[in-house]
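Everything below concerns the one structure shown next.
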Amino acid sequence: MLGRCALEDLRKRKSHKWRSYPPDVLPAFVAEMDFDLAEPIVEAVWAAMSIGDCGYGHKGELGEAFAAFAAKRLRWSPDPARVFAIPDVMTGIAEVIQAITPPGSGIVITPPVYQPFFYRLRLAGRRVVEAPLRRDHHGRYDLDPEALDRALAGDDVSACLFASPHNPTGRVWSRAQLITVADICQRRGAALLIDEIHAPLVLPGAEHVPFLSLDHEMAQRSFAFTSASKAWNIPGLKCGVAISGSPETDSVLQERWEALLAGQVGVLGSVAAFEESLPWLDALLAQLDENRSLLTRLLAGSLPGVRYVPPEASFLAWLDCRALSLGDDPAAAFLSRGRVALSSGPGFGHQGRGFARLNMGTSPELMAEAVRRMTASR
Ligand SMILES: Cc1ncc(COP(=O)(O)O)c(C=O)c1O
């Protein structure tokens, strides 16, 4: 179902992952996966092409499809009317930030965190305020409520942008941790935006709690963002999902409909993903579960100095490479000497110095090849 991930086929792709480096480099950086697409998505896209259905996007059945998926897989029943199509998660976040926070105000994020959180907020004319996660001696990250409270208490801080599950650490937050975040935001009078793009990719052993399903006043005042793009590997189709917490906040998204117009083919592909592609998702989750364990074994065998805590969600491995003495940006050494492209740790904040992020959304063979190339870089 997921395909062979043969390099000669993958190199025919013309996406960011496959066009950013020369052909002797194995790309394992940007969060695109190497698997074949789910058949219902392919059929939906073909059907659209065959009748010329490439006009401006219409939300269509997206609300119902996402709500049904959330009910089946996330134990949450959002009102389909409160589900909005957006072009992608970061555009949705940037538009809502610009709508509900004053220009120049501070937005709290929890680094190490997804790189665009830093620059998209700056480009949106907001100040980035850091409330770093804390890390225990096993290398496991956790929420730091004191750091979050301190950051939100700062002058002119207006909102918090929180990734749940978290990228690049792969943490899935508990109900109690989400309530802690909500309590602090409420006490400090801050708005809250929750990025749940990795939620469909929670792996065995963890349970994702959708923030808007919480029985908390902040749930009504917040916005959540997710997508079929990460779990079903269709970011190029340009459709994400924004959910407003209450009828009062719907207008923020409604008024910006033109800035938030999703790709029409993306809407159709996302409906096919949420409604008809759960067997494919199950096959993917089983493969990712296997891959995260495989990486433990591969690293133990050839790079025992690298510390890695398997993610609880998604296909990204956050690697502590400091013991390899490859400097602040080990990904640069892996690229120049090993010809394998990982994401640079420092891009996720200065907390990422000495770290790199490896994409595990591929076959066990290509994962082994990535580790072989990393090993050759030393
Ligand atoms: C936490 C997080 N948010 C947002 C995105 C990007 O989403 P989009 O392409 O829909 O903007 C990613 C992509 O990996 C991500 O990890």
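Only Cα pairs under 8 Å and 6+ residues apart enter the sum, and on that basis the relative contact order of the range 1-126 stands at 15 percent. Distance from the C-alpha centroid of the range 254-310 to that of the range 1-18: 16 Å, rounded to the whole angstrom. How much of the calculated P(r) for the range 1-122 lies past 23 Å, in percent of all Cα pairs? The share of Cα pairs beyond 23 Å in the range 1-122 comes to 59 percent.
When the Cα atoms of the range 250-378 are aligned to their principal axes, the ranges along those axes come out at 52, 34, 24 Å in descending order. Efficiency by 1/(1 + (r/R0)^6): what FRET value for GLU8 and ALA68, r their Cβ-Cβ distance, R0 = 56 Å, to the nearest 0.05? The pair GLU8/ALA68 has a calculated efficiency of 0.90.
The distance separating the Cα centre of the range 161-229 from that of the range 345-374 comes to 25 Å. Extension gain, GLU248-GLN177: 0.36 nm per intervening residue step, less the Cα-Cα distance, totals 23.0 nm. Nonpolar atom fraction for the range 64-215, defined as the carbon and sulfur part of the 1.4 Å probe accessible area, stands at 48 percent. Here the spin labels are modelled as points 7 Å beyond Cα on the Cα-Cβ line, and at TRP257 and SER336 they lie 5.3 nm apart.
With contacts taken as Cα pairs under 8 Å at a separation of at least 6 residues, the range 190-279 carries a relative contact order of 26 percent. In this structure the amide hydrogen of VAL128, modeled in the peptide plane, comes within under 5 Å of the amide hydrogens of ILE107, none closer than 5 places in sequence on its chain.
Cα-based values for the range 40-81, radius of gyration first and Dmax second, are 13.1, 37 Å. As a ratio to 2.2 N^0.38 Å, the alpha-carbon radius of gyration computed for the chain takes the value 0.96. Starting from the Cα gyration tensor of the range 210-273, take the square roots of the eigenvalues, sort them a ≥ b ≥ c, and report rounded, prolate or oblate (rounded when a/c is under 1.5, otherwise prolate if a/b is larger than b/c, else oblate). Since a/c reaches 1.5 but b/c is at least a/b, the shape of the range 210-273 is classed as oblate.
For the chain, the per residue solvent-accessible surface stands at 40 Å², with DNA, RNA and ligands left out and a 1.4 Å probe. Extension gain for the segment SER302 to ALA153, taken as residue separation times 0.36 nm less the Cα-Cα distance, is 49.1 nm to one decimal.
For CYS160, nonlocal amide neighbours, meaning residues 5 or more places apart or on other chains whose placed amide H falls under 5 Å from its own, are VAL108, ALA191, LEU192, LEU193.
Extension gain for the segment HIS350 to LEU278, taken as residue separation times 0.36 nm less the Cα-Cα distance, is 22.1 nm to one decimal.
Net charge in the neighbourhood of ARG75 (other residues with Cβ under 14 Å of its Cβ; Lys, Arg +1, Asp, Glu -1) is 0.
3J(HN,Hα) couplings calculated from phi for the range 82-89 with the Karplus curve 6.51 cos²θ - 1.76 cosθ + 1.60 (θ = phi - 60°) are, in sequence order, 9, 9, 10, 7, 9, x, 6, 5 Hz; Gly and Pro show x. Coupling constants for the range 143-159 follow from the phi torsions by the Karplus curve (6.51 cos²θ - 1.76 cosθ + 1.60, θ = phi - 60°), and in residue order they are 5, 10, x, 5, 4, 5, 5, 4, 5, 6, 7, x, 4, 6, 8, 10, 7 Hz; glycine and proline get x.
Straight-line reach from LYS17: taking Cα to Cα under 19 Å and skipping same-chain neighbours fewer than 8 places apart, the lysines in range are LYS230, LYS238. Within the listed set GLY263, GLY305, GLY63, the Gaussian network model of the chain (springs between alpha-carbon atoms below 10 Å) gives the highest mean-square fluctuation for GLY305. The convex hull around the C-alpha trace of the range 154-302, projected and averaged over every direction, spans 11.6 square nanometres.
Heavy-atom accessible area, probed at 1.4 angstrom with all protein chains present, ranks SER244, SER344 as SER344, SER244, highest first. Dividing the Cα radius of gyration of the range 120-199 by its Kirkwood radius returns 0.95 for Rg/Rh. With contacts taken as Cα pairs under 8 Å at a separation of at least 6 residues, the chain carries a relative contact order of 23 percent.
The values are calculated or read from the model by the stated rules, or taken from the named source; none is laboratory data. Computed from a predicted structure; not experimentally measured. For neighbour counting, all protein chains shown are included, and Cβ atoms are generated from backbone atoms with ideal geometry for every residue, glycine included. Calculation scope for accessible area: heavy atoms of the full protein, side chains included, ligands and nucleic acids excluded. Shrake-Rupley method; radii C 1.70, N 1.55, O 1.52, S 1.80 Å.
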